Amino acid sequence: MPAFWSATALLPGGWAQDVRFTVVDGRIASVDTDTAAAPGDELHRITLPGLANVHSHAFQRGMAGLAEHRGGTSDDNFWSWREVMYRFLDRLAPDDMEAIAAMAYAEMLETGYTHVGEFHYLHNDADGRPYRDPAEMAARIAAAARTTGIGLTLLPVFYAHSNFGGQAPNHSQRRFIHDLDSFSRMLEACRPLLADGDRLGIAPHSLRAVTPDELAALIDMPPQGPIHIHAAEQQQEVGDCLAWSGQRPVEWLLDHAAPDARWCLIHATHLSDAETDALAASGAVAGLCPITEANLGDGIFPASRFLAAGGRIGTGTDSNILIDPAQELRALEYSQRLAHQARNVLASEAHPSVARRLFADTLAGGAQAMAIEPGLAVGHAADFVTLDAAHPALHGRTGDQLLDGWIFAARNSCIDTVWKRGKQLVAGGRHKDGAQVTARYLKVVDRIMAR
Ligand SMILES: [Zn+2]
């Protein structure tokens, strides 16, 4: 690509003016500030680093909005939503997976995510048997990432049980199930699927779905990439874990699995004060999904205490009911304002701007959880996101006010262009292949809804 010049850009050290990046082989080769643009440079006004989406179940984009009506009882909750989700995924073939994932990934790019952690558990055919290629569905995820250009940390899920204590899986879970041997084979088959810059980790689904012995074996399994696990999303899960072990889920993990910087605990919603402080000290990332957690009625993560204790956070779109990192960060701060009856709860001394604090923390924590490098620095991937300086929510704003305007005050996305490894994927807020990706997705939705 030609050099990339921006009137203002958010660098690891803060906002800089008149910034010129050169890019070689998709990586930033030089960063110069207070420098005029040269003829032929790509010219932009406001440039941010791309964000990582730490937690996605791509196929759930296809059922977004289908579980927003009462199912005959007045106590709809996470578990009744899960039944709708199970019925939806029963109908998915590999082609459907690829088309829905491509739609979700194009939307992620259009809203400012340049990398996604796919927590991938739909492994088996509809009858519960493995596909001839055990990594068939993972290959469709990787193909969707390649089609759209988003970076991928593939997190194949180990799922073997229906509840704590190694209970047998139920019929609805047949498409997820592996034993350690078959999982290890599938993991090997995933390696050749990765593109340059992609990563491979593992995801023990939750303490409901793995036994302590299985968890220990998974932690030691190559390639020793990131480890992601759902934890403490629901009160019922906390109660079941207490009944099984005498400990709460995060308390159990801290005591038995010693999570560290390799780990990302997804949700971690229901924490005691002691768990909050110990998880913050562990170096693990809390993978927060504020829109999904609100949609599913999960509860409110103790973000203010966790961040004050030095905890690391990333954000994820999880159910993909709505894909937009600005709205995730807004929902996170608003959940705290409602809980604490206060304003600017997640600002810090270093960053009095809430948006800047949350952007900086999720950039760093997201990169850690994905095993990629954060921010626009020499040697890092040239993942640029530019904002539309003509957007009314950004007019007259500078520095951190731009982030506050984008995250709190913009009705429509402020994203103008998105670049992955120096390649332009989004222009004018639309993915370059958005029309084809959407057309294929709509056909798949028609087919699924007719089944
Ligand atoms: Zn999830």
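The values are calculated or read from the model by the stated rules, or taken from the named source; none is laboratory data. No experiment lies behind these values; they were computed from the predicted model shown. Cβ atoms come from the backbone with ideal geometry, glycine included; neighbour counts cover every protein chain shown. Accessible surface is based on the protein model in full, side chains and every heavy atom, while ligands, DNA and RNA are left aside. Shrake-Rupley method; radii C 1.70, N 1.55, O 1.52, S 1.80 Å.
Test of the criteria: in the range 129-198, which trypsin sites (Lys or Arg not before Pro) are in a DSSP loop and have at most 11 other Cβ atoms within 10 angstrom of their Cβ? For trypsin sites (Lys or Arg not before Pro) across the range 129-198 that sit outside H, G, I, E and B with at most 11 neighbouring Cβ atoms in 10 Å, the list reads Arg132. Ignoring lysines fewer than eight residues from Lys443 along the same chain, the ones with Cα atoms less than 26 angstrom from its Cα are Lys432.
Computed over protein heavy atoms with a 1.4 Å probe, the accessible surface of the range 177-287 works out to 36 Å² per residue.
Helix 180-190 against the longest principal axis of the chain: what's the angle in degrees, Cα atoms only, rounded to the nearest 10? Value to nearest ten degrees: 30. Counting only GluC sites (Glu not before Pro) that DSSP places in a loop and that have at most 14 other Cβ atoms within 10 Å, the longest clean stretch of the chain runs over 69-348.
In straight-distance terms, cross-link reach from Lys423 covers every one of the aspartates and glutamates whose alpha-carbon lies under 16 Å from its own, apart from those fewer than eight places away in the same chain; here that gives Asp25, Asp41, Glu42, Glu110, Asp196, Asp198, Asp383, Asp433. Name the shape class, rounded, prolate or oblate, that the alpha-carbon gyration tensor gives for the range 386-451, where a ≥ b ≥ c are the square roots of its eigenvalues, rounded holds for a/c under 1.5, and otherwise prolate holds if a/b is larger than b/c and oblate otherwise. The shape class here is prolate. With the helix formula -39500 (n - 2.57) applied to DSSP H stretches of n ≥ 4, the chain reaches a computed 222 nm mean residue ellipticity of -11000 deg cm²/dmol.
By the gyration tensor of its Cα atoms, with a ≥ b ≥ c the square roots of the eigenvalues, what is the shape of the range 293-345: rounded for a/c under 1.5, prolate for a/b over b/c, or oblate?
prolate
Between the helical axis of 354-370 and the dominant principal axis of the chain, each derived from Cα atoms, what acute angle in degrees is found, rounded to the nearest 10? Rounded to the nearest ten degrees, it is 60. Of the solvent-accessible surface of the chain, computed with a 1.4 Å probe over protein heavy atoms with every protein chain present, carbon and sulfur atoms account for 50 percent.
Loop-resident trypsin sites (Lys or Arg not before Pro) (DSSP state other than H, G, I, E or B) in the range 1-103 with no more than 12 further Cβ atoms inside 10 Å of their Cβ: Arg70. Pairs of alpha carbons in the range 25-91 separated by more than 14 Å make up 76% of all such pairs. Projecting the Cα atoms of His55, Gly165, His123 onto the dipole axis of the range 52-179, where Lys and Arg carry +1 and Asp and Glu carry -1 at the beta carbon, places Gly165 farthest toward the positive end. When Rg and the Kirkwood Rh are both derived from Cα coordinates, the Rg/Rh ratio for the chain amounts to 0.96.
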